[in-house]
Amino acid sequence: MRAVQALLSRELRLALRAKTDWLMPPFFLLVVVTLFGLGGKAHDPALSVYAPAILWVASLLAALLTLERLFRPDYEDGTLEQLCLAPGPLYALVLAKFIAHWLLTGLPLVMLAAPLAVGLGLSGTAVPTLVAGLALGTPCLSALGGFVAALTVGLPRTGLLLPVLVLPLIVPVVIFGAGAVRAAQEGLDAQAPLYFLAAILVLSLSLVPGVASAALRNAFD
């Protein structure tokens, strides 16, 4: 636990030194949603209909912007190799990296979702469902995207490879997340899609760190 706490503290300190990199995802979300609002007609009811898809897709694309920085800086300066050689379980350290990524990227997106949803005309009853879905879905992206980042960390530059590999993995998250908001908009029970998101989150946090650890060790073989 001390190693995990030390790694979390280190990630937060490094983020304070590179504020621009971590401000990019919420700024991207704000710009995309604002452009959708400005591009449509004033008080257009169609905008509220597409609001769940707009917010979910924009949030997940915003989170993709920082995935390459999850392991690559540590790989390039030798820190990642030291983590792999450390006596503690690499599984726990990788999980700490995922948590730090969500705190720096996913949590700001979740906090921005409610005011942006209101701006798009989303009904008040659907906003809590949107926030709950993003709170469950964005950690899944940090975990699944972190696995792909670990898988490709040994490559010179991933470019478009990382988003191409991540997007198919997060399709179920988008389907259930946007589906929960649409159900809430129509006055239906949105618990079932949220339960599916919670199940994906539990599986991601249980299985993905171990697989990502193996991928990181393989990068040094």
Q | Matching entry among Ala117, Ala135, Ala113, Ala100 (being modelled with pLDDT of 85 or more and either more than 30 Å from Gly39 (Cα to Cα) or part of a loop (DSSP other than H, G, I, E, B) (or both)) | A | Ala100
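Of the residues Ala180, Ala149, which is under 17 Å from Val127 (Cβ atoms) and either among the acidic types (Asp, Glu) or crowded, with 21+ Cβ neighbours inside 10 Å (or both)?
Ala180
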Q: Give me the pairs, please: first residue somewhere in region 184-199 and at negative phi, second residue anywhere and β-branched (Val, Ile, Thr) and at pLDDT below 90, beta-carbon distance under 9 Å, and either six or more positions apart or on two chains.
A: Ala184/Thr125; Gln185/Val49; Gln185/Thr125
Q. Of the conditions (1) surrounded by fewer than 19 Cβ atoms within 10 Å (Cβ to Cβ); (2) more than 18 Å from the chain's Cα centre (by Cα), Ala126 fails just one. Which one is it?
A. (1)
**Q.** Candidate set: region 93-115, residues that are over 13 Å from the mean Cα position of the chain (by Cα) and surrounded by 15 or more Cβ atoms within 10 Å (Cβ to Cβ); chosen: the one nearest to Gly137 (Cα to Cα)
**A.** Ala113
Q) Across region 129-150, which residue is nearest to the chain's Cα centre (by Cα) among those that are among the β-branched types (Val, Ile, Thr) and under 22 Å from Leu165 (Cα atoms)? A) Thr138
Q.
Condition check: polar (S, T, N, Q) and part of a helix (DSSP H, G or I). Does Thr129 satisfy that?
A. yes
Q) In region 152-176, which residue that is closer than 13 Å to Ile200 by Cβ and of a type in the set (A, V, I, L, M, F, W, C) is surrounded by the fewest Cβ atoms within 10 Å (Cβ to Cβ)? A) Val171
**Q.** Wholly within region 151-221, helices (runs of 4 or more DSSP H) carrying at least 1 residues that are more than 15 Å from the chain's Cα centre (by Cα) and under 30 Å from Thr79 (Cα atoms)
**A.** 161-169, 191-219
Q: Could you check Lys41 against (1) assigned to a helix (DSSP H, G or I); (2) closer than 22 Å to Pro115 by Cβ; (3) of a type outside the set (Gly, Ala, Ser) and say which number it fails?
A: (1)
Q) In region 166-202, how many are touching a Cys at 6+ places or on another chain (Cβ under 9 Å) and either more than 19 Å from Ile54 (Cα to Cα) or among the polar types (S, T, N, Q) (or both)? A) 2
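Here is a yes/no grid of residues against (1) under 22 Å from Pro128 (Cα atoms); (2) modelled with pLDDT of 85 or more; (3) not aromatic (Phe, Trp, Tyr):
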| site | (1), (2), (3) |
| --- | --- |
| Leu23 | no, no, yes |
| Val33 | yes, yes, yes |
| Ala46 | yes, no, yes |
| Ala53 | yes, yes, yes |
| Trp56 | yes, yes, no |
| Ala63 | yes, yes, yes |
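Only residues that are of a type in the set (S, T, N, Q) and surrounded by fewer than 21 Cβ atoms within 10 Å (Cβ to Cβ): list them for region 186-204, please.
Gln191
The values are calculated or read from the model by the stated rules, or taken from the named source; none is laboratory data. Predicted model, so just to flag it, every value in this text is computed and none were measured. For neighbour counting, all protein chains shown are included, and Cβ atoms are generated from backbone atoms with ideal geometry for every residue, glycine included.
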